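Worksheet: the structure to be examined is printed underneath.
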Amino acid sequence: MNSILETNFDFKGQVGTIYHGKVRDVYNILDRYLVMVVTDRISAFDNVLPQGIPHKGQVLNQISCALMDKTDDICPNWKIISPDPMVTIGYKADPFMVEMVIRGYLTGHAWREYKAGKRSICGVNMPDGMIENQKFETPIITPTTKAVKGHDEDISKEDIISHDLVSESDYAVLEDYTTKLFARGTEIADGMGLILVDTKYEFGLVDDKIVLIDEVHTPDSSRYFIKKGYEERQERGEKQRQLSKEFVREWLMDRGYQGEEGQKIPVMSEKFVNEVSERYIELYNKILNEKFEPHMMNETSAKERIFKNVSEFVNAL
Ligand SMILES: Nc1ncnc2c1ncn2[C@@H]1O[C@H](COP(=O)(O)OP(=O)(O)O)[C@@H](O)[C@H]1O
Ligand SMILES: [Mg+2]
């Protein structure tokens, strides 16, 4: 199998247990640093699918790293170094328990709510008469809680502050960073012929400073449309061309899967797995304007490479 589904390394200075997230394996080093190995796992509707997507980990890690570097003038981030195509090492933060979702277009969950008759989401009003994938006049911030297990829930700014998830003054900073990061992401995407539809950011505190953590503008945390033909497709009432996980979500929904308890996850054919892999690579090529160089030859050698590359950094701490 040319993909990494799970890692179980033992690095120098490693403390606590390995956190196997939906996509990433997170190693705590000396309670000060995190080693984040981006695996080839794919999740949809908050569930990990049984099959891996070749090259997905590398695509995600490299997009995120490049975009962290292209946004660090707006807001500081947790990244120190990417010692391996599938790994980022950075500062361990104390995360805020919210995810800052920002939407430039009426798509996905927001559209499903709108279609069901709702005209307000997370306390933000949406005008009448909008259609699916229509652009909002200005992007709207629709935060969610950051669930330890299970689904994240929509939450309003007022509730975030009144429940003390984030203080009012910190929230103002998160909002400001979210708006500016999204504007930068939109600009970068636009330059590459893409539309950044929506995304989510996570923030945390490192030495009392607010920093961007996790990933940024990756196809897992964001939706992208192809810019060319967007207007025409809207006018004709056609679907937009998506370069993101929405493609996988739709495939699953077509097979009756919505991530609900008791539902069986449909098995992806090899052909579909490869198609998904190609979409991730296509997005890499587009967003970074660089040809993707695959580093995954086989699982065993990739794991040896990761261990060696990470060790070089952590052994010197
Ligand atoms: N710098 C950081 N400090 C602390 N936690 C972080 C940092 N960056 C990312 N994380 C957390 O690491 C995890 C990354 O793994 P992921 O596969 O996204 O898992 P999850 O299933 O929790 O979303 C997330 O829970 C994310 O909040
Ligand atoms: Mg996550």
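From the C-alpha coordinates alone, can you work out the Kirkwood hydrodynamic radius of the range 1-68, in Å? After inverting the mean inverse Cα-Cα distance, the result is 12.8 Å.
Shown here for the range 246-315: trypsin sites (Lys or Arg not before Pro) in loop regions (DSSP other than H, G, I, E, B) with at most 10 other Cβ atoms within 10 Å, namely LYS264, LYS291. Here each label is just a point 7 Å from Cα along the line to Cβ, and for HIS163 and LYS149 those points are 1.8 nm apart.
In summary, the range 215-257 shows an alpha-carbon radius of gyration equal to 1.32 times the 2.2 N^0.38 Å reference for compact globular proteins.
Per-residue ellipticity at 222 nm, computed for the chain from helices alone with -39500 (n - 2.57) per DSSP H run of at least four residues, works out to -10000 deg cm²/dmol.
Direction-averaged shadow area of the convex hull around the Cα atoms of the range 95-248, nm²?
9.7
A cut-off of 5 Å between modelled amide H atoms, ignoring neighbours fewer than 5 places along the same chain, links ILE121 with MET126. Backbone geometry of the range 290-296 corresponds, through the Karplus equation with coefficients 6.51, -1.76 and 1.60 at θ = phi - 60°, to 3J(HN,Hα) couplings of 9, 7, 5, 10, x, 9, 8 Hz, x marking Gly and Pro. A P(r) calculated from all alpha carbon pairs of the range 52-153, with 5 Å bins opening at zero, reads 2, 10, 15, 15, 16, 17, 13, 8, 3, 1 percent. Highest GNM mean-square fluctuation among GLU202, GLU231, GLU132, for the chain modelled with Cα contacts below 10 Å: GLU231. Which entries of LYS22/LYS291; LYS271/LYS303; LYS239/LYS271; LYS70/LYS135; LYS149/LYS200 show an alpha-carbon separation above 21 angstrom in the structure shown? Flagged as over cut-off: LYS22/LYS291; LYS271/LYS303; LYS239/LYS271; LYS70/LYS135. For the chain, taking Cα atoms only, Rg and Dmax work out to 19.3, 59 Å respectively.
With N counted as the residues of the range 1-125, its alpha-carbon radius of gyration over 2.2 N^0.38 Å works out to 1.26. Which value results for Rg/Rh of the range 215-289 when Rg is the Cα radius of gyration and Rh the Kirkwood radius based on the inverse mean 1/r? Reported Rg/Rh (Cα atoms, Kirkwood Rh): 1.01.
Here, each number is a calculation from the coordinates, and none is a lab measurement. Note that this is a predicted model, so its numbers are computed, not measured. Don't worry about glycine lacking a Cβ; one is built from the backbone with ideal geometry, like all the others, and counts go over all protein chains shown.
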